[in-house]
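Accompanying notes for the structure given below.
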Amino acid sequence: MAGLPGTGKTTLARELARQVNGRVLSKDDFRHAIFLPEEVEYSSRQDDFCLQLMIEVSGYLLSRDPAKVIFMDGRPFSRRYQIDNVLAAATSLSQPWRILECLCSEETVRRRLQADAASASHPAGNRDFQLYLDVKARFEAIVHAKTVIDTDKPSEICIQQALAAIR
């Protein structure tokens, strides 16, 4: 799941996992399960560490059930090396991969991020519109095959588009 903060990656991943009996592995959930609040730093180093753990867990889950669909979530995959690391792991596990890139209007992002902050429903404490702008400024284009999903569209359309891409 690729895309800027607030573009709907987690919401879509959870619904897709439900429909295909898959599993969502979230960087934010991993971070908060491993680190105490005072140890959370939202750095690239910590993000990369959490992603490496997600890859290891994926390998374990897939060794038990090679047909399992794993959704890697919680990271925008704004740098090429981040995607390349996941694709290399998928290849080493003899697993197919798909990139679903979520996007939507900045107005929608702002609204979603504000709603999440008001409800304290997202584990990442640094997730706000300024983070969206910062990540957007350094986002490297995804050069691999991908399916772009406009999450401004009704969720049913997004889900159908994503399901078509992963089946």
### Query
For the stretch 106-147, what class follows from the C-alpha gyration tensor (a ≥ b ≥ c being the square roots of its eigenvalues): rounded when a/c is under 1.5, otherwise prolate if a/b is larger than b/c, else oblate?
prolate
## Note on the structure
Counting all Cα-Cα pairs in the chain, those more than 29 Å apart amount in percent to 14
### Task
May I ask for the net charge around Q19, where only other residues with Cβ less than 13 Å from the Cβ of Q19 are counted and Lys, Arg are +1 while Asp, Glu are -1?
+2
### Task
Specify which residue in the list T151, F35, L133 is farthest towards the positive end of the charge dipole of the chain, using unit charges on the beta carbon of Lys, Arg (+1) and Asp, Glu (-1), about the Cα centre.
T151
#### Entry: Mean separation of Cα contacts under 8 Å (6+ apart) over length of the chain, as relative contact order %
35
### Message
If I ignore ligands, DNA and RNA and count only protein heavy atoms, how much of M72 is accessible to a 1.4 Å probe, in Å² to the nearest 10?
### Response
20
### Task
Give, as a single signed number, the net charge of other residues whose beta carbon lies under 11 Å from the beta carbon of D47, with Lys and Arg counted +1 and Asp and Glu -1.
+2
## Note on the structure
Sequence order, the stretch 90-104: Karplus ³J(HN,Hα) from phi using 6.51 cos²θ - 1.76 cosθ + 1.60, θ = phi - 60°, Hz rounded, Gly and Pro as x, gives 4, 5, 5, 8, 6, 10, x, 9, 9, 10, 10, 9, 8, 9, 6
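The values are calculated or read from the model by the stated rules, or taken from the named source; none is laboratory data. None of the values given here were measured: they were computed from a predicted structure. So basically every Cβ, Gly included, is an ideal-geometry build from the backbone, and we count neighbours across all protein chains shown. SASA here: full protein model, heavy atoms, side chains in, ligands and nucleic acids out. Shrake-Rupley method; radii C 1.70, N 1.55, O 1.52, S 1.80 Å.
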